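K.L.:
My questions will all concern the structure given below.
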Amino acid sequence: MVRLTSMLLNLGLALAAPSLIARQDQGAVNKKLIVGAAGQILSFQFDGKTFKPISQVKEEGKAASWMIFKQPNHLYAVDENSATLRLFNYDPATGKVSDKPVSEQTGSPGVVSLEFNKDKTRLLGGSYSNGTVDVWDVSAGDGAMKFIKNTTLTGELLNPKHTTHRAHQIVPEITGRYFAVNDLGGDAIHILDSKKDFNVTSVTKVEPVGCGPRHGGFLSTNPGAPNPAILPTHYVVLCETMNLVQLFSIEKKPDETLALTHVQTMSSYGTIPPANATSAAAGELTVARNSKDIYVTNRLSGNATDNVAFFTFTTANGKASLTFMNQVSSGGISPRMMSLSRDKDQSIMFVANTMGENGIVALQRSEKCGSLTGKPMATIVNTTISKEVGGFGPQFVLEIPAPAKSA
């Protein structure tokens, strides 16, 4: 079910914004990364300057486009080309992945997103193919998956390009009770309530018709935000088809459902439009830990490379809004996914480009202002990753922290 978009060959000049922060000395950097690509799962060590390969799992015909880790050694991986959810052993100290899954279970087809509940006893999987959310019991000590149920997304389908709802991403809010499900096919955001058996308790339509909500994140204007005891105040969603970033306010109703109200819409390209608006299709949205800095990947822009756009979430005179800051090159083409490093300052952004010169790119991030450097700290050339799978590069990248040292 890998959705390979038609790539344009007439690529123009890059629109990467100038670097706003100077490269800093990273000091002792030791990060372990998991990378998902067509037909393989890879792991790397990153020292701040170079990526060193650790392990490679070959999976012909499979696509681990989303993975999630649970201590001590449980790595769950989707296969968006089938209905199989896999469990691998992963050693966070060495970064090595088991050569084969230790367990496989059948759920909904085309799952493209995974997320835990707060205590990591339940694992949720969003199906792009079926428009359902699988709920698994993963409370066993060995990480074994036991299917509980699936929740079906419902509601009117207005987008003529889709004949079903499409659960593209599941996003938890910080208190752990509610989950937003971005429905690309239904142009909607569905809210699941973990206290009500992970059922849908409210649905918010996202306009205009055909905008295609893909990925999103919760935000908060509360003092000291984000606060794990207080609900977020806003939600931001990236619409793939129309390249829009949309902001919604959140209100908790007396019946404990969440109501989302539209606040603002702006282009995912900010003030720097793509060379080819027809082919452009936005990809990932990532919110920094400070609940202020927002990053989106813009794909298939028609430029020499695609980009990562940076927005900030602010409140002025009691009014919440998004502000476009700048773009930097993704270093490749069609960046499907990106993620911030797990250190306190989230000092690095890792970007996965499915095409173009560089498959994995590390960009330095300023914790103070949120800007990304235009010049990469390091890259993995795409041919290194894609040579065995017909040129299709990485779809997913995530740092998995080393285990805490005992006292």
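K.L.:
State, to one decimal in nm, how far the label point of Lys100 lies from the label point of Val381, with both points 7 Å from Cα in the Cβ direction.
P.N.:
3.4 nm
K.L.:
Sticking with this structure for a sec: Round to the nearest 0.05 the FRET efficiency obtained for Arg342 and Lys58 when R0 = 30 Å and r is the Cβ-Cβ distance.
P.N.:
Numbers: r = 27 Å, r/R0 = 0.90.
The computed FRET efficiency comes out at 0.65.
K.L.:
Using bins 10 angstrom wide from zero, how does P(r) for the range 95-172 break down, in % of all Cα pairs?
P.N.:
Cα pair-distance distribution for the range 95-172, in percent: 18, 43, 29, 9, 2.
K.L.:
Greater than 32 Å separation of Cα atoms is the criterion. Which listed pairs, Lys52/Lys120; Lys58/Lys205; Lys58/Lys195; Lys31/Lys253, meet it? Let's see the in-between values first.
P.N.:
Details: Lys52/Lys120 30 Å; Lys58/Lys205 40 Å; Lys58/Lys195 39 Å; Lys31/Lys253 42 Å.
As for pairs spanning more than 32 Å Cα to Cα, those are Lys58/Lys205; Lys58/Lys195; Lys31/Lys253.
K.L.:
Lys31: accessible area at probe 1.4 Å, nearest 10 Å²?
P.N.:
Near enough 20 Å² of accessible area.
K.L.:
Using only the Cα atoms of the chain, construct the convex hull and provide its projected area averaged over every direction, in square nanometres to one decimal. Provide the component values of the computation, followed by the final result.
P.N.:
Details: hull surface 76.0 nm².
Hull-based average projected area comes out at 19.0 nm².
K.L.:
Across the range 300-362, what fraction of all alpha-carbon pairs, as a whole percent, falls in each successive 10 Å bin from zero upward?
P.N.:
P(r) for the range 300-362, in whole percents per bin: 21, 40, 28, 11, 1.
K.L.:
Report the Cys residues of the chain lacking a disulfide-compatible partner, meaning no second Cys Cβ under 4.7 Å from their Cβ.
P.N.:
Lacking a cysteine Cβ partner under 4.7 Å: Cys369.
K.L.:
Of the candidates Gln364, Gln346, Gln71, which one comes out as most mobile in a Gaussian network treatment of the chain with C-alpha springs shorter than 10 Å?
P.N.:
Gln71
K.L.:
Sticking with this one: Please report the accessible area of Arg177 (heavy atoms, 1.4 Å probe, ligands and nucleic acids excluded) in Å², nearest 10.
P.N.:
Spelled out: Arg177, probe radius 1.4 Å, area about 20 Å².
K.L.:
Using a 1.4 Å probe, how large is the accessible area of Asp255, given in Å² and rounded to the nearest 10?
P.N.:
Roll a 1.4 Å probe over it and Asp255 shows about 90 Å².
K.L.:
Probe radius 1.4 Å, ligands and nucleic acids left out: which of Glu399, Glu256 has the largest accessible area, and how do the rest follow?
P.N.:
Values: Glu399 10, Glu256 75 Å².
Putting Glu399, Glu256 in descending order of accessible area: Glu256, Glu399.
K.L.:
Separate question: Could you identify which residue out of Gly131, Gly143, Gly212 has the top mean-square fluctuation in a GNM of the chain using Cα springs shorter than 10 Å?
P.N.:
Among Gly131, Gly143, Gly212, the largest mean-square fluctuation in the Gaussian network model of the chain belongs to Gly143.
K.L.:
Quick check: the distance between the Cα centres of the range 133-189 and the range 61-131, to the nearest angstrom?
P.N.:
15 Å
K.L.:
Also, I was wondering about something else. How large is the convex hull of the C-alpha atoms of the range 258-301 per residue, in Å³? Mind showing how you got there, number by number?
P.N.:
Numbers: hull volume 4.9 nm³, N = 44.
Convex hull volume per residue, Cα atoms: 112 Å³.
K.L.:
Keeping every protein chain in place, order Lys70, Lys100 by accessible area at 1.4 Å, biggest value first, i.e. largest first.
P.N.:
Values: Lys70 30, Lys100 150 Å².
These residues rank, largest area first, as Lys100, Lys70.
K.L.:
Working with all protein chains in place, sort Ile400, Ile333, Ile148 by solvent-accessible area computed with a 1.4 Å probe, largest first.
P.N.:
Values: Ile400 5, Ile333 30, Ile148 75 Å².
Ranked list, largest accessible area first: Ile148, Ile333, Ile400.
K.L.:
So how far apart, in nm, are the two label points at Thr50 and Asn290 if each is 7 Å from Cα heading toward Cβ?
P.N.:
With each label placed 7 Å out from Cα toward Cβ, I get 3.3 nm.
K.L.:
Got a number for carbon plus sulfur as a percent of the chain's accessible area, 1.4 Å probe?
P.N.:
On the way: 8550 of 16300 Å².
Answer for the chain is 52 percent, counting heavy atoms of protein chains only.
K.L.:
So how many Lys-Lys pairs in the range 285-407 land under 26 Å Cα to Cα, not counting same-chain pairs under 8 apart?
P.N.:
Going through the range 285-407 pair by pair, I get 9.
K.L.:
Further question: Which distance in nm do the two modelled labels at Ala277 and Lys120 give, with both placed 7 Å along the Cα-to-Cβ direction?
P.N.:
Here the answer is 4.5 nm between the modelled labels.
K.L.:
So, one more: Please work out how much length the chain gains when fully extended from Gln264 to Ala316, using 0.36 nm per residue of separation minus the C-alpha to C-alpha distance, in nm with one decimal.
P.N.:
Details: separation 52, 0.36 × 52 = 18.72 nm, distance 1.42 nm.
Gain on extension, Gln264 to Ala316, equals 17.3 nm.
K.L.:
Let me ask another. For the range 117-198, what is the accessible area per residue in Å² when the probe is 1.4 Å? The partial results should precede the final answer.
P.N.:
Values: 3010 Å² over 82 residues.
Heavy-atom SASA per residue in the range 117-198 reads 37 Å².
The values are calculated or read from the model by the stated rules, or taken from the named source; none is laboratory data. Predicted, not measured: the structure shown is a model, and the values here were computed from it. As a convention, Cβ positions derive from the backbone with ideal geometry for all residues, glycine included, and neighbour counts pool all protein chains shown. Side chains are part of the model used for accessible areas, which takes the heavy atoms of the whole protein and leaves out ligands, DNA and RNA. Shrake-Rupley method; radii C 1.70, N 1.55, O 1.52, S 1.80 Å.
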